[in-house]
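Report on one structure; see the data block that follows.
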Amino acid sequence: MTFPSTVSIVEVGPRDGLQNEKEHLTVAQKSKLVDLLSDTGLTRIEAGSFVSPKWVPQMASSDEVFSAINRRSGVTYSALTPNMRGFETALAANVDEVAIFGAASEQFSQKNINCSIEESLERFAPVIESATERNLKVRGYVSCVLGCPYEGDIAPEKVADVTKLMIDMGCYEVSLGDTIGVGTPLKTAQMLDRVLDKVSIDKVAVHFHDTYGQALANLYVALEKGIRVIDAAVAGLGGCPYAKGASGNVATEDVLYMLNGMGISSNVDMSKLLLATNYITGVLGRKPQSKVANAIL
């Protein structure tokens, strides 16, 4: 069995994690978390989101966070930009990369952003065009790739179609998200097989939530398939406001422990990562979701 020799971890805690917290952190607290993560060896950190503060109040100060962080050379600091207004604010904040998001579920798309999948992708066309003109890379996210809170099971072909559309539009990489964490290893394998029939493996990343404790098992399957980019959140932060009962992202510490045990390099320092875990869980006043952090700390 052959696994990748190296894997890139995309740290999504400061955005996908914190946007679902009830507690609103200060700019200083959010920027300190990003700075601690920058010291770990992580080279890709999603530091904020330029969305309407009405819908995601926790991300309202993302422009200030980008101004406050100590940018480390070699680290890409990205942000979610759902429309041209958000994109222009992100440009002013000097982000290194932007991300757009769609869904593999029509009902989730309607509930999440009040439009169909096709309409949502049409909205992103000017963002991708403007980013391309400025040599800014665009990442795509597909939600609900293994299940939807409204539709139930999602056909792997649907995931493959939306992923290919995003790549064809100009995304350099698409992250496949099990938004409500219902996926299992067999379903993960079937979904990835369909996607990889249509899209080159170097353009695919995976993003698993751990609602039912399946995230690491699903990640193992993705690694077996040759996937080399994994999204994770420090301390297992996160959830989904549109998916009742969805727990956090797979914890970066747990992913790192598994990769280290498999001899797969990520260049991330566990002790420095745990400093970030200790900090953010202290701010939030609770224990981390991460098994590794609870065992070591």
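Counting Lys and Arg as +1 and Asp and Glu as -1, each charge on the Cβ, what is the dipole of the range 118-267 about the Cα centre in debye, to the nearest 20?
200
Could you work out the local net charge near Glu118, counting Lys and Arg as +1, Asp and Glu as -1, over the other residues with Cβ closer than 13 Å to its Cβ? Spell out each step's value before the answer.
Numbers: positive: Arg123, Lys158; negative: Glu106, Glu119, Glu122, Asp161.
With Lys, Arg at +1 and Asp, Glu at -1, the net is -2.
With each pseudo-label sitting 7 Å past Cα toward Cβ, what's the Tyr212-His24 distance in nm, one decimal?
About 3.6 nm, to one decimal.
Count charges around Gln29 for me, please; just the other residues with Cβ under 15 Å from its Cβ, Lys/Arg as +1, Asp/Glu as -1. Don't skip to the end; give the middle numbers.
Values: positive: Arg15, Lys22, Lys30, Lys32, Arg286; negative: Glu21, Glu23, Asp35, Glu64.
My count for the surroundings of Gln29 gives +1.
Treating only the Cβ of Lys, Arg, Asp and Glu as charged (+1, +1, -1, -1), what charge dipole size does the range 1-67 show about its Cα centre? Round to the nearest 20 debye. Before the final figure, lay out each step's value.
Working: 6 positive and 9 negative charges, 25 e Å.
Rounded to the nearest 20 debye, it is 120 debye.
Per-residue ellipticity at 222 nm for the chain, helices alone: DSSP H runs ≥ 4 residues times -39500 (n - 2.57), over residue total, nearest 500 deg cm²/dmol?
On the way: 11 runs with 123 residues, N = 297.
Roughly -12500 deg cm²/dmol at 222 nm, from the helical runs in the chain.
Calculate, in whole percent, how much of the Cα-Cα pair population of the range 89-224 lies beyond 21 Å. Write out the running numbers ahead of the final one.
Details: 3631 of 9180 pairs.
Taking all Cα-Cα pairs of the range 89-224, the fraction more than 21 Å apart is 40 percent.
Most mobile of Met169, Met84, Met262 per a Gaussian network model of the chain (Cα springs, under 10 Å)?
With Cα springs under 10 Å in the chain, the top fluctuation among Met169, Met84, Met262 is at Met262.
Report Rg/Rh for the chain, rounded to two decimals, where Rg is the Cα radius of gyration and Rh the Kirkwood radius. List each step's numbers first, then the result.
On the way: Rg = 17.4 Å, Rh = 18.7 Å.
That ratio is 0.93, to two decimals.
What pairs from Lys22/Lys287; Lys54/Lys287; Lys187/Lys287; Lys54/Lys158; Lys198/Lys225; Lys54/Lys111 go past 24 Å between their alpha carbons?
Numbers: Lys22/Lys287 15 Å; Lys54/Lys287 29 Å; Lys187/Lys287 31 Å; Lys54/Lys158 31 Å; Lys198/Lys225 14 Å; Lys54/Lys111 16 Å.
Violating the 24 Å Cα-Cα cut-off are Lys54/Lys287; Lys187/Lys287; Lys54/Lys158.
Work out the charge dipole of the range 8-296 with +1 on the Cβ of Lys and Arg and -1 on the Cβ of Asp and Glu about the Cα centre, then indicate which of Tyr279, Gly48, Ser31 is farthest towards its positive end.
Tyr279
Once Lys and Arg get +1 and Asp and Glu get -1 on their Cβ, which of Asn135, Pro149, Pro57 lies farthest toward the positive end of the dipole of the chain?
Pro57
Contour minus end-to-end for Asn278 and Met84, with contour as 0.36 nm per residue of separation and end-to-end as the Cα-Cα distance? Provide the component values of the computation, followed by the final result.
Numbers: separation 194, 0.36 × 194 = 69.84 nm, distance 3.63 nm.
So the chain would gain 66.2 nm between Asn278 and Met84.
By its C-alpha gyration tensor, with a ≥ b ≥ c as the square roots of the eigenvalues, how is the range 1-43 shaped: rounded for a/c under 1.5, else prolate for a/b larger than b/c, else oblate? Mind showing how you got there, number by number?
Values: a/c = 5.63, a/b = 2.04, b/c = 2.76.
Oblate, since a/c reaches 1.5 and b/c is not below a/b.
Sum up the charges of everything whose Cβ sits under 13 Å from the Cβ of Ala251, counting Lys and Arg as +1 and Asp and Glu as -1, but leave Ala251 out. Display every interim value, and only then the final one.
On the way: positive: Lys287, Lys291; negative: Glu11, Asp16, Asp210, Asp231, Glu253, Asp254.
Its environment carries a net charge of -4.
Under 4 °C and 1.567 mPa s, how fast does the range 1-142 diffuse according to Stokes-Einstein, given a Kirkwood radius computed over C-alpha pairs? Answer in µm²/s, whole number.
Taking Rh from Cα pairs, D becomes 82 µm²/s.
Hey, for a label at Ile264 modelled as a point 7 Å past Cα toward Cβ, could you say which residues of the range 184-199 have their backbone N under 20 Å away?
Of the residues in the range 184-199, 184-197, 199 have backbone N under 20 Å from the label point off Ile264.
Please get the size of the charge dipole for the range 8-296, origin at its Cα centre, with Cβ charges of +1 on Lys and Arg and -1 on Asp and Glu, quoted in debye to the nearest 20.
Numbers: 27 positive and 34 negative charges, 113 e Å.
Dipole size: approximately 540 debye.
A short reminder: the numbers here are calculations on the coordinates, not readings from a lab. Computed from a prediction, not measured in an experiment: that's the story for all the values here. With ideal geometry, Cβ positions are generated from the backbone for all residues, glycine too; neighbour counts draw on all protein chains shown.
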